[in-house]
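Colleague: Got a structure for you, written out below as structure tokens; questions coming shortly.
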Amino acid sequence: MAYQSFEELEVWKRACWLAVQVYEALRESRDFALRDRMQQAAISIPSNIAEGVERGGKDFGRFPRVARGSAAELRTQCYLAAQVGVLAPDQTDRFVTELKELSKMLTGLARSLKTDH
């Protein structure tokens, strides 16, 4: 993989975009426990990508898997948030679709790390 920094990775850019969207969608939510968990999971995705890239070496490969786990956690929370009325159906669909795409991208990143090292 040819890149100079994590900021160049499309998966990191999209994960940051999603984290901002989650924050904005939940800004008015009074369900503090669910809101906080969703925000933490959303932040965890790009944060783990960045940490893995900066650490490099054999640790690098572990971080896309951790980020993928956070994406699955956030997906689950989106489903729950929709069921309790915290997220609108269109927001839920948009977030879930993006999270599934991010998971695919993270799988690809993890695979490329296996072949690059």
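Colleague: Could you check the range 73-97 and list, in sequence order, the residues that are hydrophobic (A, V, I, L, M, F, W, C), crowded, with 19+ Cβ neighbours inside 10 Å and either in a helix (DSSP H, G or I) or in contact with a Gly (Cβ under 9 Å, 6 or more places away or on another chain) (or both)?
Modeller: Of everything in the range 73-97, those that are hydrophobic (A, V, I, L, M, F, W, C), crowded, with 19+ Cβ neighbours inside 10 Å and either in a helix (DSSP H, G or I) or in contact with a Gly (Cβ under 9 Å, 6 or more places away or on another chain) (or both) turn out to be Leu74, Cys78, Ala81, Phe95.
Colleague: Can you spot a residue in the range 24-42 that is among the hydroxyl-bearing types (Ser, Thr, Tyr) and assigned to a helix (DSSP H, G or I)?
Modeller: So far as the range 24-42 goes, no, none of its residues is among the hydroxyl-bearing types (Ser, Thr, Tyr) and assigned to a helix (DSSP H, G or I).
Colleague: Please enumerate the residues belonging to the range 20-46 that are among the hydrophobic types (A, V, I, L, M, F, W, C), surrounded by fewer than 21 Cβ atoms within 10 Å (Cβ to Cβ) and under 21 Å from Arg65 (Cβ atoms).
Modeller: Within the range 20-46, Ile43 is the sole residue that qualifies.
Colleague: I'm trying to understand the selection: among the residues of the range 2-28, which are of a type in the set (S, T, N, Q) and modelled with pLDDT under 95?
Modeller: Gln4, Ser5
Colleague: Do we have Leu26 as touching an Asp or Glu at 6+ places or on another chain (Cβ under 6 Å) and among the hydrophobic types (A, V, I, L, M, F, W, C) here?
Modeller: Judged against the criteria, Leu26 is not a match.
Colleague: A follow-up question, please. Looking at the structure I just gave you, is Val53 at pLDDT 95 or above, surrounded by 14 or more Cβ atoms within 10 Å (Cβ to Cβ) and β-branched (Val, Ile, Thr)?
Modeller: The answer is no for Val53.
Colleague: Select from the range 3-21 the residues that are among the aliphatic types (A, V, I, L, M) and assigned to a helix (DSSP H, G or I) and write down the one among them that is farthest from Ala72 (Cα to Cα).
Modeller: Val20
The values are calculated or read from the model by the stated rules, or taken from the named source; none is laboratory data. Values in this document were obtained by computation on a predicted structure and should not be read as measured data. So basically every Cβ, Gly included, is an ideal-geometry build from the backbone, and we count neighbours across all protein chains shown.
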